[in-house]
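One structure is given here, and the rest of the page talks about it.
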């Protein structure tokens, strides 16, 4: 356990803080890392709870003020696991302090904010990464690799949906998730993962037509300012077409994400409820075996498979954090880190285009969003 | 086999003609019908092939001219199984001859045409039905019944997709399916079923935003004038939102239809590849059994189940024709028949709104389509 | 509808009588048959019910006495759809009358009885077939074809189970199904299909070790004399090993049949609840696509596929009767018919070996059963 | 990270050593433990490899001699992750040294050996646990809880199978897994988990009838002395019946475990390839919802669910080690630990009864095995 270390500070002790702590604990077990991650401090406004979290996660110290965490000399990486509305300020401060920054998604609550923090890390020349951890699920990484290798040919159609029932119950009291300025939106919360994966695989989005609805418009006598369910038609720069849907109001759908790509040669389908599998229909396969292969995405030739268990045993959600943080740690300190804040901002631009399209009831080009925000850049 | 009979004439001997012949042959076996259907004649332009079809389907006579079929006094019902572009003319003639008319979907290749033929049958006071046979799959009928009984509560979200690979191969020569004036469109061919089922369950559609794409734009040196893949955002009159997708260019997706409805109480999901099942998530079910039920839609209490086999044995595509035609025959000669041409035209209006929206890149109200066409009505 | 005909008489008007009537009605629609089947008479002891069945199934006449049916000169084929305990007597009489015989499975209620009726049809030189219709499900036929073509290599392991809940409810009154002398046994009722399919694919069974249990031992104050649930270890003559289970006491398992074969090269899995699919794992497939293909067993290259609907539409239970009877009718009047009573008797021998093994708590060779019965043969 | 600690020594650095190291690393993150586990030493005969493993797993020290590990005063718990043939000697030595012992399954390579080591830990009054980690998969724990709560009623039928393709390739060179004296058998390797789960849920097994086969009988010119595929009929003391199958020769079946229980009220089905789900058919459920529920075994009311991620995210194989070791650590130092070596020996007795039954071709009572071994007990 000797050898070089990298000091981590985690901002936020909620579910995401726990997931990242898990990632740092497990990554060294699963792969050879040049620097061993050491989570040296965690921050949170509620001293009692953050202290309990520090004890639970095996973290040596805690602070109530994230500014203190950012300034600590033994912290090399600031890992931001707080609600979206706080990301930009913390990340900007961390960059200013010369720290590498890992930030949970969505990067911000507006494109302007996202672009600003992207610019901040780029100006500061610090390594930066955004928490698009679903990319690092083995089957999703395999899907990307297969697309790059031509398994589906030229991509024509992309469809993705993310259904949860998080907001179904109308008696859930108002909290930050229902507040547009803090929680962002369903488009950004669920959709940012979809858009990240889709653009990773099929290239940038040119324009969108969106719709949004909020069925329970008031909670705890406060107005709900986020969408509960949104969907969008998408045109990619490549000419491919897409459909996305994200809803937090689908009963008995706990977290059901699906992503399908149809190309001129083949089809690939990922369903999160079967996260160790990938369906592949190859148009050049023998016609008398017509159908799709259910690939068990755990073969030793598959991404991340050798790090984990023998084939057939299966990994869970946690593996995405281990693989993601492992990839970042492996490249410390030279980098590059991928996806970085540039992708975080690019995804945010698509989210904002959908939101604007839904509000204005028209097709919106992503370039409209980025152009409007560009004066902000120095 | 004595007793009252009803004389049927089938126009068209292709796959649909065969499917309807199957329906007439089997319906009397499965249910008590007041009048026994007798397919007395089938028509088709190619004498050799229609003669062979007549022999194969056990039909006593054939004619090459559908006008002759329509005029035969022993034909009570004209059942139209030809390409969409021919429906209106044949149905109008049949109505004029005082025949009941059953017409395959889509009813026509434009809303104006559909409205015109709807008006024709209504003026002639003849029974009329459109071939939305998927409604009569037991699991789809059960889905409708459960929604009516409140199983999902108030409908919020509807999503439907229909994926096939019919057009994937770019070497398929040009035929009527690629010709907008004859085959209609992918929106109408696949989408009309989706829209019929969705509006049956969730009420009328108010407006849509669509997109369409044709990836293989030329076949046999002729321009392909139909869409290969389309999708649409949908707002229902009730305030519910929907997303539809229909594509004939999804590799190794032979005919994969799914329809999901989320209400404020529950979720229902139908997948055609599992056509004897219906998934149901009940938000009021015990939380410790969180998940969905996979209903085997063959219980004796379910629609059409008693007509068929013991539970667990399963029916196929053919059952939808037997159930559909059985429902119509059971109501002969008083009627009513449902869904009739009015629904056929209403569905066509939504299809056309999607098509127009895709062309004009804007939200289109279904009322725009129907209003524009209304002067045509007498 | 002119042309040569073949006269059919169906003995029994229950579910099986209906299924066969369906088969005769549909087979001519789906395939070119040299002789058109004409069901000319149906028999049943209850005159009211058999008359109603005749009307429903579109059969021209009915009789209460099956002997009369057997003797009718316009009956070429006697199709026996009565309870197992009556098969031998009817089939023997039909053979004696020079009729071809189709008999539902199991062929008899003992091997001696089965052997005797097999000998009767062979002596009479009449065509004979036993109702192993599951073979004619397209996916099962495809499975057999693939095994013959080497898709799994040399068969090593076979596993089959058939789970239903027919007997779960202890308040179901006593009827013939609970009476060993009439209904046979669960081993024979469910297991005969499994054993037929398994031996068709993997060759004859040499010896078995079985167990049986009856959980509800009395109904309507009468002793239940059949097993509710049985299972068996199996050694095939080839050296392959098998496990079979058949139970009518598995709650919410309506008719869940699975059959899997593992060879030294590959694996094939059929699940009846997905009857239009076949899973195939090919050990020589690319390792980086590790997993099984879900073959949609409806491709035009697949058995029976061209007779039915376009790929993806799906057939149901009924298709097995259409395909089975179609195969027999196609070979009329020369034959051969396959599987015939010889296979019916061979399957019965395995069933009886399992029954004896369970009773005597020891491995039983199938040859013990057939040898013991052989003096009966003339 | 201060507070009381418990010192762990892991014997063996292979896959199981890694899995246990993972468990110790993660357990404190997921649950409140009175003593924090500290893996202080790992042992392995190959110094280079054990040193590398120690570095990878973050373990402070390593030794080549397990005896040294057992004697270290800072080791409270000896955790044995070596091949089965070595378990007894190491566990006996650990017990003699007064250490608590955790031992991977199967406990030994014979019942006599298992009974002897069970007796050793009982005589030494040390805490003891056997690695039946599959019990601690959330869905399996839920299955057990539901059975205890009456969800299936009185258990009638149990079926379990475990299919892998580990031994399919005939060119795999001989190693300890093919050597009966070191690796045990397929019955014990795969079957011990099945038997543990089944007896946990349905009570003890009375007698068995088994069969075994080895298809590739020689590797590297050495005789393979283990079974590749075995199956067994089972009678439980309660009167329930079971069927088990375990095979390492099923192509493209990486690790496909299923366990189903049918009672007089309901059915529960677990499939490892869907490890976050549990299927439940309740015979008292509404008949018009006939079918099974697919329970997402991650609801906050389910076993271990609160320790992990939000519902729908899913855990993998690793979670079973975390939950298992967490349960043991939580009860340190008072205990009790469950399942202990007594269950390890009881499972071994069933394995040995199956093996003996297969060899002697007769039903074997488990009591025969335990009685024969009892003179060995002091």
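The values are calculated or read from the model by the stated rules, or taken from the named source; none is laboratory data. These figures come from a predicted structure and were not determined experimentally. Positions of Cβ are generated from backbone atoms using ideal geometry, with glycine treated the same way; all protein chains shown enter the neighbour counts.
Only one of these is in contact (Cβ under 8 Å) with a residue 40 or more places away in the chain and under 24 Å from residue C:248 (Cα atoms): C:196, C:206. Name it.
Of the residues listed, the single one that is in contact (Cβ under 8 Å) with a residue 40 or more places away in the chain and under 24 Å from residue C:248 (Cα atoms) is C:196.
Among the listed residues D:88, D:95, identify the single one that is within 25 Å of residue D:348 (Cβ to Cβ), surrounded by fewer than 24 Cβ atoms within 10 Å (Cβ to Cβ), at pLDDT 95 or above and assigned by TED's automatic domain parsing to the domain that holds residue D:128.
Criteria check complete, one pass: D:88.
For the structure I just gave you, tell me whether residue D:220 is touching a strand residue (DSSP E or B) at 6+ places or on another chain (Cβ under 7 Å) and touching a residue at least 12 places away in the same chain (Cβ under 8 Å).
Against the criterion (touching a strand residue (DSSP E or B) at 6+ places or on another chain (Cβ under 7 Å) and touching a residue at least 12 places away in the same chain (Cβ under 8 Å)), residue D:220 does not qualify.
Can you list the helices (runs of 4 or more DSSP H) found entirely within region A:179-223 that contain at least 1 residues being under 24 Å from residue B:358 (Cβ atoms)?
Values: elements: A:180-183, A:186-189, A:191-202.
In region A:179-223, the matching helices (runs of 4 or more DSSP H) lie at A:186-189, A:191-202.
Regarding residue D:106, is this residue in a loop (DSSP other than H, G, I, E, B), surrounded by 16 or more Cβ atoms within 10 Å (Cβ to Cβ) and out of contact with any strand residue (DSSP E or B) (no Cβ under 7 Å at 6 or more places or on another chain)? Walk me through how you get there before you give the answer.
Numbers: in a loop (DSSP other than H, G, I, E, B): yes; surrounded by 16 or more Cβ atoms within 10 Å (Cβ to Cβ): yes; out of contact with any strand residue (DSSP E or B) (no Cβ under 7 Å at 6 or more places or on another chain): yes.
Answer is yes for this residue.
From B:186, B:199, B:258, grab the single residue that is within 21 Å of residue A:232 (Cβ to Cβ), surrounded by fewer than 24 Cβ atoms within 10 Å (Cβ to Cβ), at pLDDT 95 or above and within 17 Å of the chain's Cα centre (by Cα).
B:258
(1) touching a strand residue (DSSP E or B) at 6+ places or on another chain (Cβ under 9 Å); (2) over 24 Å from residue C:236 (Cβ atoms): which one isn't true of residue D:176, the others all being true?
Checking residue D:176 against (1) touching a strand residue (DSSP E or B) at 6+ places or on another chain (Cβ under 9 Å); (2) over 24 Å from residue C:236 (Cβ atoms), the one that fails is (1).
One line per residue, one yes/no per condition, for (1) in contact with a helix residue (DSSP H, G or I) (Cβ under 6 Å, 6 or more places away or on another chain); (2) buried (at least 21 other Cβ atoms within 10 Å of the Cβ):
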site: C:312; (1), (2): no, yes
site: C:319; (1), (2): no, yes
site: C:323; (1), (2): yes, yes
site: C:330; (1), (2): no, no
site: C:333; (1), (2): no, no
site: C:336; (1), (2): no, no
site: C:341; (1), (2): yes, yes
site: C:348; (1), (2): yes, yes
site: C:351; (1), (2): yes, yes
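From C:347, C:315, which residue is at pLDDT 95 or above and part of a helix (DSSP H, G or I)?
Just a single option satisfies the conditions, and that option is C:347.
I'd like to verify a number: residues in region C:267-310 that are more than 16 Å from residue C:141 (Cβ to Cβ), touching a helix residue (DSSP H, G or I) at 6+ places or on another chain (Cβ under 9 Å) and outside any helix (DSSP H, G or I), how many?
The total comes to 5.
Does region B:171-178 include one or more residues that are crowded, with 23+ Cβ neighbours inside 10 Å, more than 24 Å from residue C:313 (Cβ to Cβ) and in contact (Cβ under 8 Å) with a residue 12 or more places away in the chain?
no
Which of the residues belonging to region B:238-263 are in contact with a strand residue (DSSP E or B) (Cβ under 6 Å, 6 or more places away or on another chain), within 7 Å of another protein chain (Cβ to nearest Cβ) and not in a strand (DSSP E or B)?
Listed by number, the residues that qualify are B:249, B:250, B:251, B:252, B:253, B:254.
Which of the residues spanning region C:273-295 are more than 7 Å from every other protein chain (Cβ to nearest Cβ) and without any contact (Cβ under 8 Å) to a residue 24 or more places away in the chain?
C:273, C:274, C:279, C:284, C:285, C:286
Going residue by residue through region C:312-330, is there one that turns out to be farther than 30 Å from residue C:6 by Cα and free of Cβ contacts under 8 Å to residues at least 60 places away in the same chain?
Checking region C:312-330: at least one residue is farther than 30 Å from residue C:6 by Cα and free of Cβ contacts under 8 Å to residues at least 60 places away in the same chain.
Could you list, in sequence order, all residues of region A:209-218 that are touching a helix residue (DSSP H, G or I) at 6+ places or on another chain (Cβ under 6 Å) and either more than 14 Å from every other protein chain (Cβ to nearest Cβ) or farther than 19 Å from residue A:109 by Cα (or both)? Let's see the steps before the verdict.
Going residue by residue through region A:209-218, those that are touching a helix residue (DSSP H, G or I) at 6+ places or on another chain (Cβ under 6 Å) are A:209-212.
Selection gives A:209 alone.
Please state which of the following conditions residue C:233 fails to meet, knowing it meets all the rest: (1) in contact with a strand residue (DSSP E or B) (Cβ under 8 Å, 6 or more places away or on another chain); (2) in a loop (DSSP other than H, G, I, E, B); (3) under 26 Å from residue C:183 (Cα atoms).
If we test residue C:233 against (1) in contact with a strand residue (DSSP E or B) (Cβ under 8 Å, 6 or more places away or on another chain); (2) in a loop (DSSP other than H, G, I, E, B); (3) under 26 Å from residue C:183 (Cα atoms), just (2) comes out false.
Within 14 Å of chain B (Cβ to nearest Cβ), touching a residue at least 12 places away in the same chain (Cβ under 8 Å), closer than 25 Å to residue A:349 by Cα and in contact with a helix residue (DSSP H, G or I) (Cβ under 8 Å, 6 or more places away or on another chain): does that describe residue A:231?
Against the criterion (within 14 Å of chain B (Cβ to nearest Cβ), touching a residue at least 12 places away in the same chain (Cβ under 8 Å), closer than 25 Å to residue A:349 by Cα and in contact with a helix residue (DSSP H, G or I) (Cβ under 8 Å, 6 or more places away or on another chain)), residue A:231 does not qualify.
Could you list, in sequence order, all residues of region D:29-51 that are in contact (Cβ under 8 Å) with a residue 24 or more places away in the chain and either in a helix (DSSP H, G or I) or farther than 19 Å from residue D:331 by Cβ (or both)?
D:30, D:40, D:41, D:42, D:43, D:44, D:49, D:50 - these are the residues of region D:29-51 that are in contact (Cβ under 8 Å) with a residue 24 or more places away in the chain and either in a helix (DSSP H, G or I) or farther than 19 Å from residue D:331 by Cβ (or both).
Which residue, of D:237, D:232, D:247, is closer than 15 Å to residue D:205 by Cβ and crowded, with 24+ Cβ neighbours inside 10 Å? Steps first, answer last, please.
Numbers: D:237 fails: crowded, with 24+ Cβ neighbours inside 10 Å; D:247 fails: closer than 15 Å to residue D:205 by Cβ.
Every option except D:232 fails the conditions.
Pick from A:298, A:334, A:355: which is over 19 Å from residue D:273 (Cβ atoms) and in contact (Cβ under 8 Å) with a residue 12 or more places away in the chain?
Answer to the selection: A:355.
Within region D:136-160, restricting attention to residues that are part of a helix (DSSP H, G or I) and crowded, with 23+ Cβ neighbours inside 10 Å, which residue is nearest to the other protein chains (Cβ to nearest Cβ)? Lay out the reasoning, then the answer.
The first filter runs over region D:136-160 and keeps only residues part of a helix (DSSP H, G or I), leaving D:136, D:138-148.
Restricting the remaining residues to those that are crowded, with 23+ Cβ neighbours inside 10 Å gives D:138-140, D:142-143.
On the way: D:138: 10, D:139: 11, D:140: 13, D:142: 9, D:143: 13 Å.
Among residues in region D:136-160 that are part of a helix (DSSP H, G or I) and crowded, with 23+ Cβ neighbours inside 10 Å, the one nearest to the other protein chains (Cβ to nearest Cβ) is D:142.
Only one of (1) out of contact with any strand residue (DSSP E or B) (no Cβ under 6 Å at 6 or more places or on another chain); (2) under 28 Å from residue A:242 (Cα atoms); (3) at pLDDT 95 or above fails for residue A:330. Which number is that?
(2)
To keep it simple, each residue is scored yes or no on (1) in contact with a helix residue (DSSP H, G or I) (Cβ under 6 Å, 6 or more places away or on another chain); (2) buried (at least 24 other Cβ atoms within 10 Å of the Cβ).
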| residue | (1), (2) |
| --- | --- |
| A:12 | no, yes |
| A:21 | yes, yes |
| A:40 | no, no |
| A:43 | yes, yes |
| A:47 | no, no |
| A:52 | no, no |
| A:69 | no, yes |
| A:81 | yes, yes |
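Got at least one residue in region C:161-172 being assigned by TED's automatic domain parsing to the domain that holds residue C:260, over 21 Å from residue C:249 (Cβ atoms) and in a loop (DSSP other than H, G, I, E, B)?
So far as region C:161-172 goes, no, none of its residues is assigned by TED's automatic domain parsing to the domain that holds residue C:260, over 21 Å from residue C:249 (Cβ atoms) and in a loop (DSSP other than H, G, I, E, B).
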